[in-house]
Amino acid sequence: MTPRRRRMGLVIGIVAGVSIAGALALSAFRQNVTFFFDPSQVAAGQVPAGERFRLGGMVTKGTVQRAPGSLEVRFVVTDFAHDVPVSYSGVLPDLFREGAGVVAQGRLRADGTFVADEVLAKHDEKYMPPAVAKSLKRRHGEARSDPGS
Amino acid sequence: MLPELGQFALILALLLAGMQAFFGIAGPMLGRDRWLAAVTPAVAGQAVMVATAVGCLIASFVSNDFSVSYVAENSNSALPLFYRVAALWGAHEGSLLLWILLLAAWTVAVALGSARLPPRFAARVLGVLGVVSFGFLLFTLATSNPFVRLDPPMPDGRDLNPILQDPALAIHPPILYTGYVGFAVAFAFACAAMLEGRLDATWARWTRPWTTAAWAFLTCGIALGSFWAYYELGWGGFWFWDPVENASFMPWLVGTALVHSLAVTEKRGLFKSWTLLLAILTFSLSMLGTFLVRSGVLVSVHSFAADPARGIFILAFLIVMIGGALTLYAWRAPLLKSSAGFELGARESFLLFNNVLLIIAATTVFAGTMAPLIADALRLGTVSVGPPYFNPTFLLSMLPLLALLSVGIHSNWKRGRLKDSQRLLLISFVAAAVLGSALVYGVYTNGHVLTPVGALLGVWIILSSLAEPLQRWRRRVRVPRGMLGMTIAHSGLGVLVLALTTVQSFTIEHDVAMAQGATTTAGAYAFRFDGVQDVEGPNYDGVGATITVTRGGALVAVLKPQKRQYWVQHQLTTETAIHMDHGNNILVALGEDLGAGRWSLRVQIRPLVSFIWLAALIMAIGGAVAASDRRYRGAKLTEATVPAGTEGSAA
């Protein structure tokens, strides 16, 4: 019986290990998932205070401002219903431009400015980030581009 | 004419794949041995047809035939010849064709290597491969035909996505796909064994070299992708936990488990049904990887296609393939009982831990990759899961794996007597602690809590892996290829752990605004910005900066990063400049003109980051060496009756 009992012990150990790992993964999950909001959701106060989230929309034309020679840059992200001013310090990605889709990650400051620590433009030229395209379609009939084209 | 010929060849290939599948599977099932003779010619014919189709598409690319839609979308007359050929797999349709070509190549290799296999078994293996090929060919012809003509033709093409115009990325998809597709062979062997209802040590010996070879290719492919992301995307990271990276990493994790579980199945005749399940799972994840990347369901830089019809077809195909294989498994696996037992502390138990931990790791990666999809489907909002989730959960399962590795490779089969290797383990552990501390506290100065742990584990794995071959070499005992390969691969893993530890602990990174003549420092290095000048290439123009890097006043390198604008797609790309100095990778990326004569620059020092890719290469070489062991080639039909576990302890 000993080998069988030993094997049972092994199985129980493995099951316990897997459950502990699962529980830890689940808690890591709940703490580390980043939500995506569009400017209308931000304006409606749906963002929990102080939470890090992703803001997605279009960079409004003519709003990208930079103090000459500084890494600080400010621009406005819009979904054509509401606007959110964004400030960021650092190198912008290659695909960042006025009138194009953007996703920024960061926190909302008390004055309503979104302070981004990361600006992503990980979509390619042919389509918008799907999350942005979907939100734009919802907010505005004439979304600039559909994700399939 | 050529595109039509190519399409015709693809249709013939589809028919031949159907023949190969039917005769290969139905022949042995109905006992019609004469049907088996049709399988090999079908394999050969299919390979010729697929190669013809690929040749036609390449010819269309090379001759700039912009009447072919796929060529017009992904090439341009100004594109250099090398990239015109590589543009073949620059997007969805051609990538699928590449997939099919590689599957045909693997199938031919199996057919050539199957002369020693029992004819019925060989036919079944080729038959299953035929089913896979049939599905992919049907998918290509039905939804993703690369030979569709444009009327009228475009005057010039829309060009290959500029970030794909890069040597490492040109060879990344073929190597990655060779790995993905290679697991189809393990899958086919597993299905054939289930169809036969018989699985023994000989079966494992046939399957092992194919699996290990596929694993080695996948390792190389992932490393190449990581290397490309490091220098081409301009961010300087080596791993982003991007869905597409995860899509290739999950089959790697499960494939690694499979390689280890096959060792137990061969040596001890254990884990039989588990091995079958892993073979099914690995290939399923390879196909899921294709699905995730190619259906565009995930937001990612790699998702070229966003066509739901394709997604539904692949999903249906996945359900048929995986569902079919799992049904077969449920029906047949109970026949394959493992009889022998083993003790806790025996090598089998360590390989079991290895498997469990790798599966946990793959599961956490899977959960993180699929969570945004599931949340979206359940309307829980749009979420993204990033490194803050992946890093700790992945480490959680990897740390025990790495800690158990050294003990595991010095344990015995069957018996849990660890005493034999106690002294060796103790000595190598102390040596690793000394060397690891010397690295962490001597060469680099600060670090994270896990830094010494990572350094210790990395060095310990290297030392303990080398111990047995060194002892054998001193006693002038032959080191079999299998053991040599294992040693190389495990040492590579040790190097990888060391490199990951130093990179994660000691990376320095700044974004700076600099005027001409200004200097900034990062770590021990000083960077002087010497201004920008215009540059022009064959299909782009842009600006290049000159940055002089010094260390303690001595010149280290003159770096010339560029910002390019490609003419056709008007896309900006960042060409980073990299120099390696004393194991430190110095990376400079040029940002944008900030006005007032200043430019933004990203400056990064990543210690030992090159060793990450070197380590992957070492691991792949280990796999190649192990796969070439003559023991596998000598496995003849007559040995099928030899009971498992009669050989030495090499895994």
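The values are calculated or read from the model by the stated rules, or taken from the named source; none is laboratory data. On a predicted model such as this, the values are computed, not experimentally measured, just so you know. Cβ coordinates were reconstructed from backbone atoms using ideal geometry, including for glycine residues, and neighbour counts include every protein chain displayed.
Residues that are assigned to a helix (DSSP H, G or I) and polar (S, T, N, Q) within region B:313-342 comprise just one, B:T327. Considering A:A16, A:A28, A:A100, the condition of being out of contact with any His (no Cβ under 7 Å at 6 or more places or on another chain) and assigned by TED's automatic domain parsing to the domain that holds A:G112 is satisfied by A:A100 alone.
Here is a yes/no grid of residues against (1) in the same structural domain as B:M398 (by TED's automatic domain parsing); (2) surrounded by 15 or more Cβ atoms within 10 Å (Cβ to Cβ); (3) farther than 21 Å from B:L572 by Cα; (4) of a type outside the set (A, V, I, L, M):
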position	(1), (2), (3), (4)
B:T519	no, no, yes, yes
B:A522	no, yes, yes, no
B:R528	no, yes, yes, yes
B:V532	no, yes, no, no
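Restricting to region A:1-54, give me the number of residues that are over 30 Å from B:L344 (Cα atoms), surrounded by fewer than 17 Cβ atoms within 10 Å (Cβ to Cβ) and touching a Pro at 6+ places or on another chain (Cβ under 9 Å). Final tally of qualifying residues: 1.
Checked against (1) at pLDDT below 90; (2) at positive phi, B:A91 meets all criteria but (2). Consider region B:367-383 and keep the residues that are touching a helix residue (DSSP H, G or I) at 6+ places or on another chain (Cβ under 6 Å) and in contact (Cβ under 8 Å) with a residue 40 or more places away in the chain. The one that is surrounded by the most Cβ atoms within 10 Å (Cβ to Cβ) is B:G368. Can you name the residue in region A:42-74 that is more than 17 Å from the chain's Cα centre (by Cα) and assigned to a strand (DSSP E or B) and is also modelled with the lowest pLDDT among such residues? Residue satisfying both the conditions and the ranking: A:R66. B:A515 fulfils the conditions (1) of a type in the set (A, V, I, L, M, F, W, C); (2) farther than 27 Å from B:R606 by Cβ; (3) touching a Lys or Arg at 6+ places or on another chain (Cβ under 8 Å) except for a single criterion, (2).
For region B:185-201, the set of residues classified as part of a helix (DSSP H, G or I) and either touching an Asp or Glu at 6+ places or on another chain (Cβ under 8 Å) or of a type in the set (A, V, I, L, M) (or both) consists of B:V185, B:A186, B:A188, B:A190, B:A192, B:A193, B:M194, B:L195, B:A201, listed by residue number. Pairing residues of region B:148-168 that are surrounded by 15 or more Cβ atoms within 10 Å (Cβ to Cβ) with residues that are at pLDDT below 90 and in a loop (DSSP other than H, G, I, E, B), at Cβ distances under 6 Å and at least 6 apart in sequence or on separate chains, gives B:D159/B:V568; B:D159/B:Q569; B:L160/B:G90; B:P162/B:Q571; B:L164/B:G90. Mind checking which residues of region B:521-554 are β-branched (V, I, T) and within 38 Å of the chain's Cα centre (by Cα)? Result: B:T521, B:V535, B:V543, B:T546, B:I547, B:T548, B:V549, B:T550. Among the residues here, B:G492 does not qualify as of a type outside the set (A, V, I, L, M) and either closer than 15 Å to B:L601 by Cβ or modelled with pLDDT under 90 (or both).
When B:P469, B:P452, B:P400 are checked against the criterion of being within 14 Å of chain A (Cβ to nearest Cβ) and in a helix (DSSP H, G or I), B:P400 stands alone in meeting it. Would you confirm whether or not region B:47-59 contains a residue that is farther than 18 Å from B:L137 by Cβ and either exposed (fewer than 14 other Cβ atoms within 10 Å of the Cβ) or not assigned by TED's automatic domain parsing to the domain that holds B:F8 (or both)? The answer is no; no qualifying residue exists. Just wondering, is there one or more residues in region A:31-39 that are at the interface with chain B (Cβ under 8 Å from one of its Cβ atoms) and in contact (Cβ under 8 Å) with a residue 60 or more places away in the chain? The answer is yes; a qualifying residue exists. If you go through region B:512-536 and keep only what is of a type in the set (A, V, I, L, M) and part of a strand (DSSP E or B), you end up with B:V512, B:A513, B:M514, B:A515, B:A522, B:A526, B:V532, B:V535.
On the basis of being on the phi < 0 side of the Ramachandran plot, out of contact with any His (no Cβ under 7 Å at 6 or more places or on another chain), in the same structural domain as A:A104 (by TED's automatic domain parsing) and aliphatic (A, V, I, L, M), does A:V11 make the cut? Considered against the rule, which asks whether it is on the phi < 0 side of the Ramachandran plot, out of contact with any His (no Cβ under 7 Å at 6 or more places or on another chain), in the same structural domain as A:A104 (by TED's automatic domain parsing) and aliphatic (A, V, I, L, M), A:V11 comes out as no. Just checking, does region B:231-252 include any residue being touching a Phe, Trp or Tyr at 6+ places or on another chain (Cβ under 6 Å) and modelled with pLDDT under 95? Within region B:231-252 (the criterion being touching a Phe, Trp or Tyr at 6+ places or on another chain (Cβ under 6 Å) and modelled with pLDDT under 95), the answer is yes, since at least one residue qualifies.
Applying the criterion of at least 1 residues that are touching a residue at least 12 places away in the same chain (Cβ under 8 Å) and under 16 Å from B:L10 (Cβ atoms) to the helices (runs of 4 or more DSSP H) found wholly in region B:28-130 leaves B:39-62, B:69-74, B:92-113. Being assigned to a strand (DSSP E or B), at pLDDT below 85 and surrounded by 15 or more Cβ atoms within 10 Å (Cβ to Cβ) is a condition met by at least one residue of region A:93-101. Please go through (1) more than 25 Å from the chain's Cα centre (by Cα); (2) within 14 Å of chain A (Cβ to nearest Cβ); (3) closer than 26 Å to A:G13 by Cβ; (4) not aromatic (F, W, Y) for B:D420 and return the number of the only condition it doesn't satisfy. Condition not satisfied by B:D420: (2). Residue under question is B:A545, and the condition is that it be within 14 Å of another protein chain (Cβ to nearest Cβ), on the phi > 0 side of the Ramachandran plot and either among the polar types (S, T, N, Q) or out of contact with any helix residue (DSSP H, G or I) (no Cβ under 6 Å at 6 or more places or on another chain) (or both); does it hold? Answer is no for this residue. Pairs are defined by a Cβ separation below 9 Å, a sequence spacing of at least 6 or placement on different chains, a first member in region A:57-84 that is over 9 Å from A:P39 (Cβ atoms) and within 14 Å of chain B (Cβ to nearest Cβ), and a second member that is in a loop (DSSP other than H, G, I, E, B) and of a type in the set (S, T, Y); the pairs so defined are A:R74/A:T63; A:R74/A:T113; A:F75/A:T60; A:F75/A:T63.
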